[in-house]
Amino acid sequence: QGRMLPPDPEEAYFLDGDGEEYESDFENGHWWYKNRVLSIDIQEIHTTYLEKGPLVYYVADIRMREYSSFRASARLTYQRPWKYAREEGAVLAVSGDCLNNEANLKGCLIRRGIFYDDNRRADMLVISEDGMSMRVERAGSVSARVLMDHGIRDTYSFGPALVVDGKIDESALKGRLQQPNPRAGVGMIEPGHWIAIITDGRQGRYSLSITLEYFAQLFLDRGCTVAYNMDGGSSCGIVFMGEMLNRHLAPGTSDVQRPWLESLEFGYSDQLPSPNTPTIHDGYHH
């Protein structure tokens, strides 16, 4: 008689069979989704930034069981984030690296197995062949051709690296982009367990901008062994089931939501509103 295995604690995060479940609770700042292979739990956090003022940010806790849960998206033209995500059918979409914008400052750029650039001037985030893990490759350490020959389909290069080997990386403490800004980034606790964080900023009475060091600490506090900074500022965005969660200043002000050329996407659902359906949450702080 075989010994019974203990229950898998991960089972609680996923559905047993086909189908999907989700909830959007804007009033309490909580959103979640689950199916057989993907679990997403998003919390809106209100806190104080270094005793200087308010800070609001969004933490997406993402658990994946297979490659299909994550995909890197790229377009030829810019689109509003909420409309972009709806057209893609993405359960969750977050800011990426703006692809080949300012490519001369970046490293290898590969998206969905398509080669875009190979400048090798910045550290890059490499998504593993199975789409479950990530790692940081240093500037100039490897070419796009070598990566593609080894089955790599997706790399990101905005930077800097925030956390490497479970420690805040030196690049998060120096170099460009050190000024406080709204931030977007992604990290990994372990294979298949990722964290995405989007911070609101440039809105003093609502949410202040933050430094890269502080941003890195947010990932470290959640147990990430690796984390990487994506395109921030006006590009920051997080979209769940076709609705914006984060906020920028209202149209006509100095900092509105910038449209996207690409994004990191998780899950697919046909329950999203159509691209032509007006948004309930437009992502602007009034």
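The values are calculated or read from the model by the stated rules, or taken from the named source; none is laboratory data. Just so we're clear, the structure is a prediction, and the values are computed from it rather than from any experiment. Cβ coordinates were reconstructed from backbone atoms using ideal geometry, including for glycine residues, and neighbour counts include every protein chain displayed. Each accessible area value is taken on the protein alone, full model and side chains, heavy atoms only, with ligands, DNA and RNA left out. Shrake-Rupley method; radii C 1.70, N 1.55, O 1.52, S 1.80 Å.
Checking each residue in segment 170-208 for being more than 17 Å from the chain's Cα centre (by Cα), crowded, with 23+ Cβ neighbours inside 10 Å and at pLDDT 95 or above picks out only S207.
From the residues in segment 77-115 that are outside any helix (DSSP H, G or I), in contact (Cβ under 8 Å) with a residue 40 or more places away in the chain and open to solvent by 50 Å² or more (accessible area, probe 1.4 Å), which one is nearest to V239 (Cα to Cα)?
Within segment 77-115, the first condition is being outside any helix (DSSP H, G or I), and the residues that meet it are 77-80, 89-102, 106-115.
Checking the rest, the ones that are also in contact (Cβ under 8 Å) with a residue 40 or more places away in the chain come to 77-80, 89-99, 101, 106-114.
Pick out the ones that are also open to solvent by 50 Å² or more (accessible area, probe 1.4 Å) and you get 77-78, 80, 101, 112, 114.
Working: T77: 18, Y78: 16, R80: 11, N101: 22, R112: 21, I114: 25 Å.
Looking at residues that are outside any helix (DSSP H, G or I), in contact (Cβ under 8 Å) with a residue 40 or more places away in the chain and open to solvent by 50 Å² or more (accessible area, probe 1.4 Å), I get R80.
Look at segment 217-228: where a residue is open to solvent by 10 Å² or more (accessible area, probe 1.4 Å) and a partner is part of a loop (DSSP other than H, G, I, E, B), sitting 6+ places away or on another chain with Cβ atoms under 7 Å, you get T225/D165; T225/G166. Could you go through segment 253-264 and let me know if any residue there is closer than 15 Å to I62 by Cβ and surrounded by fewer than 24 Cβ atoms within 10 Å (Cβ to Cβ). No. Residues that are open to solvent by 20 Å² or more (accessible area, probe 1.4 Å) and of a type in the set (A, V, I, L, M, F, W, C) within segment 240-249 comprise just one, L249.
Quick check on segment 39-76: of everything there that is of a type in the set (A, V, I, L, M), part of a strand (DSSP E or B) and open to solvent by 40 Å² or more (accessible area, probe 1.4 Å), which residue is modelled with the lowest pLDDT? This residue is L76.
Among the residues that make up segment 117-125, is at least one of them modelled with pLDDT of 95 or more and not in a loop (DSSP other than H, G, I, E, B)? Yes, the conditions are met somewhere in segment 117-125. Test R36 against the stated conditions and say whether it is in contact (Cβ under 8 Å) with a residue 12 or more places away in the chain, open to solvent by 70 Å² or more (accessible area, probe 1.4 Å) and either of a type outside the set (D, E) or under 26 Å from G151 (Cβ atoms) (or both). Yes, satisfied. Under the condition of being within 16 Å of C98 (Cα to Cα) and of a type in the set (S, T, N, Q), the residues counted in segment 68-87 number 3. Beta carbons closer than 7 Å, at least 6 apart along the sequence or on distinct chains, pair a first residue in segment 54-74 that is within 19 Å of Y84 (Cα to Cα) and polar (S, T, N, Q) with a second that is part of a strand (DSSP E or B) and modelled with pLDDT of 95 or more for S69/L38; S69/F266; S69/G267; S73/E262; S73/S263; S73/E265. Considering segment 129-169 alone, what residues qualify as being surrounded by fewer than 21 Cβ atoms within 10 Å (Cβ to Cβ), touching a residue at least 40 places away in the same chain (Cβ under 8 Å) and in a loop (DSSP other than H, G, I, E, B)? Passing the criteria: D130, G131, M132, S133, I152, R153, D165, G166. Here G283 clears all of (1) modelled with pLDDT of 95 or more; (2) surrounded by 15 or more Cβ atoms within 10 Å (Cβ to Cβ) except the condition numbered (1).
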